[in-house]
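Down below is the structure, laid out as structure tokens.
The values are calculated or read from the model by the stated rules, or taken from the named source; none is laboratory data. Owing to the predicted nature of the structure, the values given are computational and were not obtained by experimental measurement. Cβ sites come from the backbone with ideal geometry, for glycine too, and all protein chains shown count toward neighbours.
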Amino acid sequence: MFLRIMWRTTAGCVSGLMALIVLALPAFAQTTAPPRELTTLERQVSLKIAHVRIKGPTNAADLKQLGEAQRAQFAGEQAIAAGDYKKAEQDFLRANVLISAISE
């Protein structure tokens, strides 16, 4: 009797998990990778920020601008993770402009 109840409970749990997996599969299949141009832009911004960080800003204004560029880069990375590629592109372009002004 006890084994029969335990077997039914286990079978119910397993079938419930299988149902969840089957329902979740289409959601995973619909996620797309970010566009190639966006990943290229992300790499460029990341490398520029790393270069400026290594070189070290010499004044307070450049240091503040570096911080703003890093925040924009982080916002872009979060937007990519959320699947909002348009916002990610805007954030990376903003970070690129900010970091380019420091590099000059």
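Points worth noting:
- For the residues L47, L20, the requirement of being modelled with pLDDT under 65 and surrounded by fewer than 13 Cβ atoms within 10 Å (Cβ to Cβ) singles out L20.
- Filtered residues of the stretch 82-96 (kept if surrounded by 13 or more Cβ atoms within 10 Å (Cβ to Cβ) and either farther than 15 Å from P34 by Cβ or not small (G, A, S) (or both)): D84, Y85, K87, E89, Q90, D91, F92, L93, R94, A95, N96
- Count of the stretch 71-92 residues which are over 11 Å from E42 (Cβ atoms) and out of contact with any helix residue (DSSP H, G or I) (no Cβ under 6 Å at 6 or more places or on another chain): 9
- Screening A79, A61 for residues that are surrounded by 13 or more Cβ atoms within 10 Å (Cβ to Cβ), hydrophobic (A, V, I, L, M, F, W, C) and part of a helix (DSSP H, G or I) leaves exactly one candidate, A79.
- Members of the stretch 64-76 found to be exposed (fewer than 13 other Cβ atoms within 10 Å of the Cβ) and closer than 25 Å to A33 by Cα, listed by number: F74
- Members of the stretch 82-104 found to be of a type in the set (G, A, S), closer than 21 Å to K55 by Cα and not in a helix (DSSP H, G or I), listed by number: none
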